[in-house]
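Here's the structure, in structure tokens; my notes come after.
Values quoted throughout were computed directly from the atomic coordinates according to the rules given, and no laboratory measurement underlies them. Keep in mind that what you see is a predicted model, and the values were worked out from it rather than measured. Counting neighbours? That spans all protein chains shown, and the Cβs are built from the backbone with ideal geometry, glycine included.
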Amino acid sequence: MAMKIKKGDQVIVITGRDKGKTGEVLKSMPKDNKVLVQGINLVKRHQKPTQENAGGIQTKEAPIHVSNVALIDPKSGKATRVGFKIVNDQKVRVSKRSGEVITK
């Protein structure tokens, strides 16, 4: 089944350590059912020094399961589920909360 959350979407975390925080989806991983959200699920990683950067402890985002995030409704700004509708012979994503068409 296709994921309903795509790269560039604004999402809110609905459960876990970062509950209530919002961010933009940087990467979508449909095979793993995970998304990478900017500023969410931050972890520390030890990095070996390379020619580009001096190693040390780096803070970066880790993937979060898609069931733990919800799309932000374009009208109300609250969490919403996603549905599909055919508009002008084109399948578009719509917000279940307000019925608005979701655009990036």
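Brief remarks on what is shown
- Ranked 26, 42, 36, criterion: other C-beta atoms within 10 Å, fewest first: 42, 26, 36
- Comparing 49, 74, 63 in a Gaussian network model of the chain where C-alpha atoms under 10 Å apart are linked, the largest mean-square fluctuation is found at 49.
- Long-range HN-HN contacts of residue 9 with modeled amide H, under 5 Å: 25
- Loop-resident GluC sites (Glu not before Pro) (DSSP state other than H, G, I, E or B) in region 32-104 with no more than 16 further Cβ atoms inside 10 Å of their Cβ: 52, 100.
- Taking other C-beta atoms within 10 Å as the exposure proxy, 65, 46 rank 46, 65 from fewest upward.
- Over all other residues within a Cβ to Cβ distance under 11 Å of residue 97, the charged ones net out to +2, with Lys and Arg as +1 and Asp and Glu as -1.
- Debye intensity ratio in log₁₀ form over the Cα atoms of the chain, taken at each q of 0.11, 0.17, 0.21 Å⁻¹: -0.41, -0.79, -1.07
- The share of C-alpha pairs in region 46-89 whose separation exceeds 11 Å stands at 79 percent.
- Per DSSP, loop trypsin sites (Lys or Arg not before Pro) in region 17-74 with at most 14 further Cβ within 10 Å: 17, 19, 31
- Derived scalar couplings ³J(HN,Hα) [region 64-74; Karplus, 6.51 cos²θ - 1.76 cosθ + 1.60; whole Hz; x for Gly, Pro]: 10, 5, 5, 6, 8, 10, 9, 5, 8, 5, x
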